[in-house]
Amino acid sequence: MTDDKDVLRDVWFGRIPTCFTLYQDEITEREAEPYYLLLPRVSYLTLVTDKVKKHFQKVMRQEDINEIWFEYEGTPLKWHYPIGLLFDLLASNTALPWNITVHFKSFPEKDLLHCPSKDAIEAHFMSCMKEADALKHKSQVINEMQKKDHKQLWMGLQNDKFDQFWAINRKLMEYPAEDNGFRYIPFRIYQATTERPFIQKLFRPVAADGQVHTLGDLLKEVCPSAIIPEERAAEVLEVHHFCRLVASAVGLKLRFLGQAQEGRCGQRDKAICASMSQLLRCLVFSGL
């Protein structure tokens, strides 16, 4: 994957034009102007919105300011989902900029986890990395890294530093040639229209007979409803942002997709988002 640095950079620097508006019932001392920001798809909302928070706090009384949270068309936005995943699940068919509502009160306890500090984001991020490496390398790579390597990964993400992040992340993407790939491909299929938020199962990149699995093989096994007749594929398959594939995407080697999405995005939940027969699913390959 190190030969694909231009592609890696293009994905890393993917941005979503966003307009933040303060909720109408928030008490302000003067009118709160909207705040516009280009959000990095590979980061987290609570990691990149300090400027948004400061902007709206200027027009509010200190006693009216509680924990910030975000909402899109009535749906609270989970801070532990990457921004690109949130957009693809909820707003990929809407016109830009993405309109997000900002709240400072009435925190939705049943829908969101609290995010008291950036330490909570880092802990979540590192937990996801360890989970994925357990699937790929039996945790051998992540356990052999020093604490400073873990910190460099985190700081690369937090500060949006591609080279800083990738200097360490590439180690997580390597495997011996004789292994012919990772043990398992870490993935999640996110579903926007069911009570089950995502599907996650063990899936090897290579079959027992040596045949390399494709994306279609994975979908047939774990989410067969996502497979559509070939004659209708061009009509209903639409893949956004991270990997602009054509309908023949189901034939791509799963090992390649796993490496590409894991390595490029460098996070647990990076999405190839597909709209299939009016059912939005996010197929996620994670590198950490």
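Just a few scattered comments:
- Sparsely packed trypsin sites (Lys or Arg not before Pro) within the stretch 119-163, loop by DSSP, other Cβ within 10 Å at most 14: Lys138, Lys161
- FRET efficiency for the Arg30 to Lys110 pair, using the beta carbon distance and R₀ = 45 Å, is estimated at 0.85.
- Given +1 at the Cβ of Lys and Arg, -1 at the Cβ of Asp and Glu and no other charges, the dipole of the stretch 118-173 around its Cα centre is 140 debye to the nearest 20.
- In percent, rounded to a whole number, the relative contact order of the stretch 36-90 is 54, using alpha-carbon pairs under 8 Å and six or more apart.
- Ordered by solvent-accessible area of protein heavy atoms (1.4 Å probe), largest first, the residues Asp133, Asp209, Asp25 come out as Asp209, Asp25, Asp133.
- The alpha-carbon of Lys58 sits under 24 angstrom from the alpha-carbons of these lysines, leaving out residues fewer than 8 places away in its chain: Lys105, Lys118.
- For the stretch 37-145, taking Cα atoms only, Rg and Dmax work out to 16.2, 51 Å respectively.
- When each of the peptides 54-60, 39-45 is scored by how many other beta carbons lie within 10 Å of its residues on average, the order from highest to lowest is 39-45, 54-60.
- Per-residue 3J(HN,Hα) values for the stretch 106-114, derived from phi via the Karplus relation 6.51 cos²θ - 1.76 cosθ + 1.60 with θ = phi - 60°, read 6, 4, x, 4, 7, 10, 10, 7, 6 Hz in sequence order (x marks Gly and Pro).
- Cα-based reach from Lys171 at 18 Å (exclusive), listing lysines while leaving out same-chain residues under 8 positions away: Lys5, Lys130, Lys136, Lys138, Lys147, Lys148, Lys151, Lys161
- Computed extension length for Asp50-Asn159: 38.0 nm, one decimal, from 0.36 nm per residue of separation with the Cα-Cα distance subtracted.
- Toward the positive end of the charge dipole of the stretch 118-173, with +1 on the Cβ of Lys and Arg and -1 on the Cβ of Asp and Glu, the farthest Cα among Met145, Phe125, Gln164 is that of Met145.
- Placed amide H near Asn99: partners under 5 Å, 5+ positions off or other chain: Cys19
- Spacing of the two label points (7 Å from each Cα toward its C-beta) at Glu195 and Ser127, in nm: 2.4
- Heavy atoms of Cys128 accessible to a 1.4 Å probe, total area in Å² rounded to 10: 10
- Approximate spin-label separation Met145-Arg9, in nm, with each point projected 7 Å along Cα-to-Cβ: 2.3
- For the stretch 118-173, the Cα-based Rg and Dmax, in that order, read 10.7, 29 Å.
The values are calculated or read from the model by the stated rules, or taken from the named source; none is laboratory data. What you are looking at is a predicted structure, and each value in this text was computed from that prediction instead of being measured. For neighbour counting, all protein chains shown are included, and Cβ atoms are generated from backbone atoms with ideal geometry for every residue, glycine included. Accessible surface is based on the protein model in full, side chains and every heavy atom, while ligands, DNA and RNA are left aside. Shrake-Rupley method; radii C 1.70, N 1.55, O 1.52, S 1.80 Å.
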